[in-house]
Amino acid sequence: RLLTGFNRRHHITPLLASLHWFPVRFRIEFKILLITFKALLGLAPSYITEMLTPYESVRSFSSSGGTLVAVPKSRLKSKGDRAFAIRALLLWNDLPEEIMLADSVSSFKSLLKTHFYRLAFM
């Protein structure tokens, strides 16, 4: 608001949309998913990669081309689900398949930003 001269009584959402800035929640989720994507490609440190276990279903589905990951159970619902090892996997499994199947980090970032922009502002 300081930079744009927006009145403090106006809603901030249209300003964020015009600047292509995400609300804080989406920025946090973007960073978590980017680290997860890099870990699945083997571009992240080993301690992060070790947290990811690919999900292997007993049945074979033709529609499941994306890489799902197994989400471990957390003991504490309030704090356990906020841990990176849990939250990253839950966010990853909720992504649309075309984003999961991105072939590079730059295409993943672009697809993810488009997806989050639609969620946040449309």
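The values are calculated or read from the model by the stated rules, or taken from the named source; none is laboratory data. Remember, predicted model here, so these are calculated numbers, not experimental data. Cβ sites come from the backbone with ideal geometry, for glycine too, and all protein chains shown count toward neighbours. Side chains included, ligands, DNA and RNA excluded: accessible areas come from the protein's heavy atoms. Shrake-Rupley method; radii C 1.70, N 1.55, O 1.52, S 1.80 Å.
Among the numbered conditions (1) at pLDDT 90 or above; (2) touching a helix residue (DSSP H, G or I) at 6+ places or on another chain (Cβ under 9 Å), the only one that ILE86 does not meet is (1).
So, of the residues in segment 89-108 that are in a helix (DSSP H, G or I) and open to solvent by 40 Å² or more (accessible area, probe 1.4 Å), which turns out to be farthest from LEU68 (Cα to Cα)? My answer is SER106. Can you tell me which residues in segment 100-112 are at pLDDT 95 or above and over 14 Å from LYS38 (Cβ atoms)? Those that are at pLDDT 95 or above and over 14 Å from LYS38 (Cβ atoms): SER110, LEU111.
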